[in-house]
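Shown next, in structure tokens, is the structure this report addresses.
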Amino acid sequence: MKLSAAGDCGNCGSKERRILHSLWVRGMNRRVCTSCVLRLHPSFFCPSCFEFFDNPLSNTSSASAHRFVSCCKCSSLTHVACLPSPPPPSASFLCPPCSLPNFSFFPDSPSPLDPRRALVLLCASKVASASLSKSLALARARVDKTSRDAALARKRARDSLDHCSLLHHIHRLGLHGSFHLSPFSSSSSLPHHFHLKLPSPFHNSPNPLP
């Protein structure tokens, strides 16, 4: 994960005095503040203790039902143990960003980092790294698919050119009629066998052309 110097956040536009994270946002690589990293990936961490989830759970999975309370507005999952006892009903639970419109995970401050802010920063760094890794894997998959599609298109183009060349050659020989190419080979080269059908009186000939 790459950290950049202070500047404007590429997501919310706020001025960040400390660091910005490199993140893929809306199809572009942007420098994003710590708070926006966490806001954009609510299912990657607990918004109370800021534990990073190596394998994010769905808020509808049975495994998360006993350990987490899901936000009713976003995909955020909060540890049950992090909530006051008894925990609020899951049907009405709101995570901090959803319950407070101006909430910030990492308010800009000139004061030194305290333990909690350092924990938030560490969590955002892990989230940004995981997000970039996922984006890179998706980009590689798209490149591989594009390469395969291009190879198939080149093969079809070569087959079409060979087909046209054969038609031209038959025309130059003065032959008339129809022919059928037998796709005996899966390679891009022209098939080795074809069947030429000639009009009468040749089509009943005892020695048809190969």
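Please verify whether segment 129-146 includes one or more residues that are free of Cβ contacts under 8 Å to residues at least 40 places away in the same chain and hydroxyl-bearing (Ser, Thr, Tyr). Yes: one or more hits. Mind checking which residues of segment 89-113 are surrounded by 12 or more Cβ atoms within 10 Å (Cβ to Cβ) and either more than 23 Å from Ala124 (Cβ to Cβ) or in contact with a Pro (Cβ under 9 Å, 6 or more places away or on another chain) (or both)? Hits for segment 89-113 are Ser90, Phe93, Leu94, Cys95, Pro96, Pro97, Cys98, Phe103, Ser104, Phe105. Within segment 8-30, the residues that satisfy the criterion of being without any contact (Cβ under 8 Å) to a residue 40 or more places away in the chain and touching an Asp or Glu at 6+ places or on another chain (Cβ under 8 Å) are Asp8, Cys9.
Test of understanding: among Leu136, Leu132, which residue is surrounded by 11 or more Cβ atoms within 10 Å (Cβ to Cβ), more than 13 Å from Thr34 (Cβ to Cβ) and touching a strand residue (DSSP E or B) at 6+ places or on another chain (Cβ under 7 Å)? So that I can check it myself, show each step before the final result.
Working: Leu136 fails: touching a strand residue (DSSP E or B) at 6+ places or on another chain (Cβ under 7 Å).
From the options Leu136, Leu132, the qualifying one is Leu132.
Test Asn29 against the stated conditions and say whether it is assigned to a strand (DSSP E or B), of a type outside the set (A, V, I, L, M, F, W, C), surrounded by fewer than 18 Cβ atoms within 10 Å (Cβ to Cβ) and modelled with pLDDT under 85. Judged against the criteria, Asn29 is a match.
Residues checked against (1) in a helix (DSSP H, G or I); (2) more than 30 Å from Leu20 (Cα to Cα); (3) in contact with a Ser or Thr (Cβ under 7 Å, 6 or more places away or on another chain):
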| residue | (1), (2), (3) |
| --- | --- |
| Pro89 | no, yes, no |
| Leu94 | no, no, no |
| Phe105 | no, no, yes |
| Ala118 | yes, no, no |
| Asp144 | yes, yes, no |
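Number of residues in segment 75-86 that are assigned to a loop (DSSP other than H, G, I, E, B) and closer than 21 Å to Phe52 by Cα equals 4. Does segment 140-163 include one or more residues that are out of contact with any helix residue (DSSP H, G or I) (no Cβ under 8 Å at 6 or more places or on another chain), closer than 30 Å to Glu51 by Cα and either basic (Lys, Arg) or modelled with pLDDT of 55 or more (or both)? Checked segment 140-163: at least one residue is out of contact with any helix residue (DSSP H, G or I) (no Cβ under 8 Å at 6 or more places or on another chain), closer than 30 Å to Glu51 by Cα and either basic (Lys, Arg) or modelled with pLDDT of 55 or more (or both).
The values are calculated or read from the model by the stated rules, or taken from the named source; none is laboratory data. Small disclaimer: the values here were computed from a predicted structure and weren't measured. Heads up, the Cβs are rebuilt from the backbone with ideal geometry, glycines too, and the neighbour counts pull from every protein chain shown.
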